[in-house]
Amino acid sequence: MNDKVLLEKAIYFGKSAIEWKRKFTGLLPEIYKRKLYEKKNCSSIFEFAAKFGGLSNDQVRLALKLEEKFTEMPRLHEALVNGEVSINKLARVVSIATPENEVELLNMVSNLSNRAVETLVRDEKFTGLHVQTLTLNEEVRARLVELQSKGIDINELISAALNKREEEIAEEKTQPVELATSRQLRVKTKKLLTKEHGTKCSIPTCKKPSLVIHHTQTFAISHSHNPNYLAPLCKEHHEIAHAINLKVREKRTFN
């Protein structure tokens, strides 16, 4: 057996093992209810799960808890029982899952990595609750205090400076945009995005650095790097953005 065949077999069996473990885990709540583990001479569902599936007690408890939580959410309940989604992903979304959003939520998490799911849940929990603290260095603070002591309205001064900045950015974004032949962004466009969004992910609740420039208008269709439709995102929010785009495209197809 050469290296290529060996590696392919290992990957295939590894993926298969993960899939079958999910399906085994999904059956545990019903086996527990019927006490079928006793027919295999096991004293508890925990012994049964460890003996036949290699699961820890914590994993079993989590499966039983999720089955109970999803009683009124049939689609998520089905995903657990059939092993469609790992219990780790389901455990992450249980705090934001409702009968109203379960289908949409399941479609999202099925296409996301665990880290992206964590980000999605965090966004849902803290939307509207995010508070950003303001940090001023001593020099700037001292200059503002001095201006205020002279009777100058520093709020008006700062507001005017911010308005000017926004006007400059808006003006730059109205410049004509040529059709692009490459996905590579021009340096000018990158500088404009940095000027507008800084170096962090453009999602307000996210503090991670931006690593990817996302086209809110699909590049393959628009062939454009229009800065009005570009968003610097972290890896996880970029993954979420593409999952949303996929869901929208599927909805349009079926409608």
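The values are calculated or read from the model by the stated rules, or taken from the named source; none is laboratory data. These numbers were taken from a predicted model, which means no experiment stands behind them. Positions of Cβ are backbone-derived with ideal geometry, glycine not excepted, and every protein chain shown enters the neighbour counts.
Overview of values
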item	result
Residue in region 68-86 that is touching a Lys or Arg at 6+ places or on another chain (Cβ under 8 Å), modelled with pLDDT under 95, surrounded by 18 or more Cβ atoms within 10 Å (Cβ to Cβ) and among the aliphatic types (A, V, I, L, M) present	yes
Condition met for LEU211 (in contact (Cβ under 8 Å) with a residue 12 or more places away in the chain, closer than 19 Å to LEU233 by Cβ, surrounded by fewer than 16 Cβ atoms within 10 Å (Cβ to Cβ) and of a type in the set (A, V, I, L, M, F, W, C))	yes
Residue in region 110-122 that is exposed (fewer than 15 other Cβ atoms within 10 Å of the Cβ) and free of Cβ contacts under 8 Å to residues at least 24 places away in the same chain present	no
Positions within region 171-198 being among the acidic types (Asp, Glu) and farther than 30 Å from GLU124 by Cβ, in sequence order	GLU171, GLU172, GLU178
Condition check for GLU124: modelled with pLDDT under 85, within 27 Å of LYS208 (Cα to Cα) and in a helix (DSSP H, G or I)	yes
Among the residues listed as LEU66, LEU62, the single one being assigned to a helix (DSSP H, G or I), closer than 17 Å to LEU105 by Cα, out of contact with any Cys (no Cβ under 6 Å at 6 or more places or on another chain) and of a type in the set (A, V, I, L, M)	LEU66
Residue that is nearest to ALA231 (Cα to Cα) [pool: residues in region 184-208 that are of a type in the set (S, T, N, Q) and surrounded by 12 or more Cβ atoms within 10 Å (Cβ to Cβ)]	SER202
Residue check, ALA220 closer than 30 Å to SER113 by Cβ, touching a strand residue (DSSP E or B) at 6+ places or on another chain (Cβ under 7 Å) and not hydroxyl-bearing (Ser, Thr, Tyr)	no
Evaluation of PHE48 against (1) under 30 Å from LYS235 (Cβ atoms); (2) in contact with a Lys or Arg (Cβ under 7 Å, 6 or more places away or on another chain); (3) part of a helix (DSSP H, G or I) (one fails), failing number	(1)
Failed item in (1) without any contact (Cβ under 8 Å) to a residue 40 or more places away in the chain; (2) assigned to a loop (DSSP other than H, G, I, E, B), with LYS4 passing the rest	(2)
Qualifying positions in region 169-183 - loosely packed, with under 12 Cβ neighbours inside 10 Å and either in a helix (DSSP H, G or I) or at pLDDT 90 or above (or both)	ALA170, GLU171
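To keep it simple, each residue is scored yes or no on (1) farther than 30 Å from GLU124 by Cβ; (2) over 16 Å from the mean Cα position of the chain (by Cα).
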position: GLU156; (1), (2): yes, yes
position: ILE169; (1), (2): no, yes
position: LYS200; (1), (2): no, no
position: LYS235; (1), (2): no, no
position: GLU239; (1), (2): no, no
